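Here's the structure, in structure tokens; my notes come after.
The values are calculated or read from the model by the stated rules, or taken from the named source; none is laboratory data. Keep in mind it's a predicted model, so treat the numbers as computed, not measured. Don't worry about glycine lacking a Cβ; one is built from the backbone with ideal geometry, like all the others, and counts go over all protein chains shown.
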Amino acid sequence: MPSTLALFFVLLGTLCSFIYFFRTPTNNKNGRKLPPGPPQLPIIGNLHILGNLPHQSLHRLAKKYGPIMSIKLGYVPTIVVSSAEAAELFLKVHDVVFASRPKVQSADYLTCGAKGLAFTEYGSYWRTVRKWCILHLLSASKVECFTLVRKEETVLLVESVRKTAPEAKTLNISQQVGKVVEAIMSRVIFGRRMDDEIEFKPLIEETMYLAGVFNLSDYVPLLAPLDLQGLKRRLKRTSNGLHAIFDKLIDEHEQGSTNTEERNSYTDFFHVMVSLLNTPMNPTDKEQYIIGRENIRAILVDMVAASFDTTTTAIEWTLSELLRHPRVMTCLQQELETVIGRNRMVEEADLPKLTYLDMVVKESLRLHPVAPLLIPHESTEDITVTGYFIPKKSRIVVNTWSIGRDPKVWSDNAEEFFPERFEDSSIDLRGHDFQLIPFGAGRRGCPGMQLGLTTMRLIIAQLVHCFDWELPNAMLPNELDMTEKFGLSVPRAEHLFAKPTYRLVG
Ligand code: HEM
């Protein structure tokens, strides 16, 4: 399919270039100055330059055209933001103008016409859903409620890895991490682990791909009926799969046959939501939204997609960097030994004391931001930013992958994995320091940051504290393949494998 698409672009591009000359986007039709950018082809604009890893292609282009760059994706004017200062302008100074999301085909299918949270346009529905999700799932106090869930699941993870260790087997770390994250997030969101017959993982991976891929139908609507990339078919299949799972869970709940494990310790998100089916989500507000089945499906797709894959990917990259940098792995193990000792596993209460772990996590998210282009933002009015005119309904793509590699901020060793750069540095990753925004910033910043970070830190700390790790087949650290696979999140292209040896006493 990519080769058919490439051929299509080549033919279309050649045809168009006979008809028109290349145009460079210096001025819009009213003569106002647009940000600089590469020449555009008619119809497809700059779609042909994105390649397999668009964040990397855009990073290279920004070196030539600057941190606020204008490109055209099909018919859609797009602004690519690639420096910390520029990101601050878009996500803080003028945040309210850029806080919407574009209407895209993937959201139509996956979230029933953007009835969830992540792909919903800025406005009162989005505000209601976001407040509601924070209150019932993502607030600091809710995240704390699930400490026991994380503890139980990480103990099971360590036991399972420990079993494989003496047989000198190479472990598929990606798979193990994926399983434990799925178990934790399922218990947090649904109040239960998923049965074996519910296969979330392939559906979520496909969702992240379909939500992130540059879909021709969104940019050249004329071509949408042809479905040249075959994405509409895949979107239908994936959304049907996810919605069927959620419908089954809702039906079970309505018939009172739900197998919920922790009803006594807290009321989970799913049960709060389903118990409000067909009632207003916000009874005290002026504008009331009745929560129907489609809203529940859409919100669940967002929660499941936003939590399973992002957290797994972030952990996978961090462990990959630790395996590639044995010095850093040793420093982290030494910190864990000093703070915790070798006689017990890590507890969540230990995490605030693990300052080197904190630096490792920041460094990993700097080089491997899970969603390198965030989720696309859209402007809701015409605006001028640093002298450049940005028309209403422009798509805003913030390239955090590029920001994390800016040598002006991170010095000449920007490409190197070196956690010590955060020693005596006040740079944090929570959206206030625009050099490091793996969770985005401003109104659309990630509301699940606390849940994601806590889960990520605990799993990494546990795996590094309980085990020594060795790469398979006498592979040297610098031989570990670090190729990326593009989607809304960018995971490793290949699974990560290593051989564990248990290192705690008892
Ligand atoms: C390490 C883990 C995570 C990372 C790196 C991450 C990163 C991000 C990023 C970059 C965005 C886009 C921000 C923007 O467009 O400006 C985002 C949005 C979002 N995240 Fe996360 N996330 C993580 C975990 C979670 C978790 C656990 C949840 C909750 C279940 C979650 C829920 C969301 C939602 C709902 C949005 C959309 C917010 C909106 O549009 O208003 N995320 N996340």
Which numbered condition R162 fails, given (1) closer than 14 Å to T455 by Cβ; (2) charged (D, E, K, R); (3) at pLDDT below 95: (1)
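Table: residues versus (1) farther than 30 Å from A107 by Cβ; (2) surrounded by fewer than 18 Cβ atoms within 10 Å (Cβ to Cβ); (3) away from the ligand (no atom under 16 Å from the Cβ).
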{"site": "H243", "(1), (2), (3)": "no, no, yes"}
{"site": "E254", "(1), (2), (3)": "no, yes, yes"}
{"site": "F270", "(1), (2), (3)": "no, no, no"}
{"site": "L277", "(1), (2), (3)": "no, yes, yes"}
{"site": "T284", "(1), (2), (3)": "no, yes, yes"}
{"site": "G292", "(1), (2), (3)": "no, yes, yes"}
{"site": "I296", "(1), (2), (3)": "no, no, no"}
{"site": "T310", "(1), (2), (3)": "no, no, no"}
Residue check for R457: out of contact with any His (no Cβ under 9 Å at 6 or more places or on another chain), among the basic types (K, R) and either more than 7 Å from the ligand (Cβ to nearest atom) or at negative phi (or both): yes
Selection from the range 472-486 of residues that are touching a Ser or Thr at 6+ places or on another chain (Cβ under 9 Å) and closer than 13 Å to H368 by Cα: M482
Conditions (1) in contact with a Ser or Thr (Cβ under 9 Å, 6 or more places away or on another chain); (2) in a helix (DSSP H, G or I); (3) over 22 Å from S174 (Cα atoms); number of the one not met by N282: (2)
Boolean, G37 is in a loop (DSSP other than H, G, I, E, B), within 16 Å of the ligand (Cβ to nearest atom), of a type outside the set (A, V, I, L, M, F, W, C) and crowded, with 20+ Cβ neighbours inside 10 Å: no
The range 56-81, residues that are surrounded by fewer than 22 Cβ atoms within 10 Å (Cβ to Cβ), within 22 Å of G487 (Cβ to Cβ) and touching a Pro at 6+ places or on another chain (Cβ under 7 Å): L61
Residue ID - surrounded by the fewest Cβ atoms within 10 Å (Cβ to Cβ), chosen from residues in the range 114-157 that are within 11 Å of the ligand (Cβ to nearest atom) and small (G, A, S): A114
Helices (runs of 4 or more DSSP H) lying entirely in the range 347-445 (those with 3 or more residues that are within 14 Å of the ligand (Cβ to nearest atom), closer than 16 Å to T318 by Cβ and modelled with pLDDT of 95 or more): 355-367
Of the criteria (1) buried (at least 16 other Cβ atoms within 10 Å of the Cβ); (2) under 27 Å from the mean Cα position of the chain (by Cα), which one E347 fails: (1)
The range 108-139, subset of a type in the set (S, T, N, Q) and in a loop (DSSP other than H, G, I, E, B), residue nearest to T380 (Cα to Cα): T120
Matching residues in the range 451-506 - criterion: being aromatic (F, W, Y), touching a Leu at 6+ places or on another chain (Cβ under 7 Å) and in a strand (DSSP E or B): W469, F497
Per-region count, the range 162-177, residues surrounded by 15 or more Cβ atoms within 10 Å (Cβ to Cβ) and free of Cβ contacts under 8 Å to residues at least 60 places away in the same chain: 1
